[in-house]
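Below: one structure, written as structure tokens.
The values are calculated or read from the model by the stated rules, or taken from the named source; none is laboratory data. Because the structure is a prediction, the values reported are computed rather than measured. Here the Cβ positions follow ideal geometry from the backbone for every residue, glycine too, while neighbour counts run over all protein chains shown.
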Amino acid sequence: MMYWNDDDHADEVRAPDDIVDIRFEIDCRLIPVDHAHALADALRGVLPWIAEEPSLAIHTVHVAGSQNGWERPTHGTSSCLMVSRRTKLTIRAPRHRVDTLLDILPGTRLDLDGYALTIGPGKLKALSTETTLFARYVALDLTDNADETAFLAAAAAALGKLDIRVRKALCGIPHPVATPAGAIPTRSLMLAGLTLPESIRLQQQGLGSHRLLGCGIFIPHKGIDPIKSPTE
């Protein structure tokens, strides 16, 4: 399902550094496919304050769709992901938390449902100035069986509260995020034709709920081509 409404070119602005991504090296061979809750829970054990920090978000660990003939398992299975040395753990954080994260997390060993992940050094990465953004998982206040039309309408309403106009939007198929309390319904969402201020605001504030579970976190996307599944 797609909205499409061409508009003026994006304004020229530079991304501020009050919120940044910190990309940590990790030492980890395998990680559960549905690891978002375990990762958030493990990080809360080290940094209890993250649950009270509204500007902080934890990207899920993402790996390539296939490696040497290996196909990435789908969500809702007990399978694991094969993690390469290039894979990073990324945390989006306000600037005033950066020094704490860079000081405490390197050397920390997390237990993700029986799989070990050791965090290495981190480097800062500024938010993108791209005006086409993509979120693998967006959790809105909808029922499990809400269709694409309902999802896009809810997304447009939520974006409107951020003073972001929907020009081009494309959502993906449902992808529930597993938690001990039950699955959280989500869909992927791509937005194109944003102005640069809108793009930066969306990256800073996110969309919907469950930011610590990797939901509502927008990253740059190269174009309006059809979106692949978050498992690809």
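Please find, among Val13, Val46, the residue that is modelled with pLDDT of 95 or more and more than 20 Å from the chain's Cα centre (by Cα).
Going through Val13, Val46 in turn, just one is modelled with pLDDT of 95 or more and more than 20 Å from the chain's Cα centre (by Cα): Val46.
From the list Thr143, Thr131, which residue is β-branched (Val, Ile, Thr) and surrounded by 15 or more Cβ atoms within 10 Å (Cβ to Cβ)?
Sole residue among the options that is β-branched (Val, Ile, Thr) and surrounded by 15 or more Cβ atoms within 10 Å (Cβ to Cβ): Thr131.
For segment 79-98, what are the residues that are closer than 23 Å to Gly206 by Cβ and part of a strand (DSSP E or B)?
Lys88, Leu89, Thr90, Ile91, Arg92, Ala93, Pro94
Only one of Ala153, Ala169, Ala157, Ala146 is small (Gly, Ala, Ser), touching a residue at least 40 places away in the same chain (Cβ under 8 Å) and not assigned by TED's automatic domain parsing to the domain that holds Phe24. Can you tell me which?
Every option except Ala169 fails the conditions.
Scan segment 180-219 residue by residue and report those that are touching a helix residue (DSSP H, G or I) at 6+ places or on another chain (Cβ under 7 Å), under 17 Å from Ala57 (Cα atoms) and not aliphatic (A, V, I, L, M).
If the condition is that a residue be touching a helix residue (DSSP H, G or I) at 6+ places or on another chain (Cβ under 7 Å), under 17 Å from Ala57 (Cα atoms) and not aliphatic (A, V, I, L, M), then Gly208, Gly214, Phe218 are the ones that fit.
When you look at Phe134, is it closer than 13 Å to Leu189 by Cα and not in a helix (DSSP H, G or I), yes or no?
Numbers: closer than 13 Å to Leu189 by Cα: yes; not in a helix (DSSP H, G or I): yes.
So Phe134 passes the test.
So which residues in segment 109-128 are part of a loop (DSSP other than H, G, I, E, B) and surrounded by fewer than 21 Cβ atoms within 10 Å (Cβ to Cβ), if there are any at all?
Of the residues in segment 109-128, the ones part of a loop (DSSP other than H, G, I, E, B) are 113-114, 126-128.
If the condition is that a residue be part of a loop (DSSP other than H, G, I, E, B) and surrounded by fewer than 21 Cβ atoms within 10 Å (Cβ to Cβ), then Asp113, Gly114, Ala126, Ser128 are the ones that fit.
Six or more apart or on different chains, Cβ atoms under 6 Å: show the pairs whose first residue is in segment 83-112 and within 23 Å of Ser128 (Cβ to Cβ) and whose second is surrounded by fewer than 14 Cβ atoms within 10 Å (Cβ to Cβ).
Arg95/Asp18
Can you pull out every residue in segment 61-108 that is exposed (fewer than 12 other Cβ atoms within 10 Å of the Cβ) and at pLDDT 95 or above?
His96, Asp99, Asp103, Gly107
Can you tell me how many residues within segment 146-194 are surrounded by 15 or more Cβ atoms within 10 Å (Cβ to Cβ), charged (D, E, K, R) and either on the phi > 0 side of the Ramachandran plot or not in a loop (DSSP other than H, G, I, E, B) (or both)?
Counting residues in segment 146-194 that are surrounded by 15 or more Cβ atoms within 10 Å (Cβ to Cβ), charged (D, E, K, R) and either on the phi > 0 side of the Ramachandran plot or not in a loop (DSSP other than H, G, I, E, B) (or both) gives 3.
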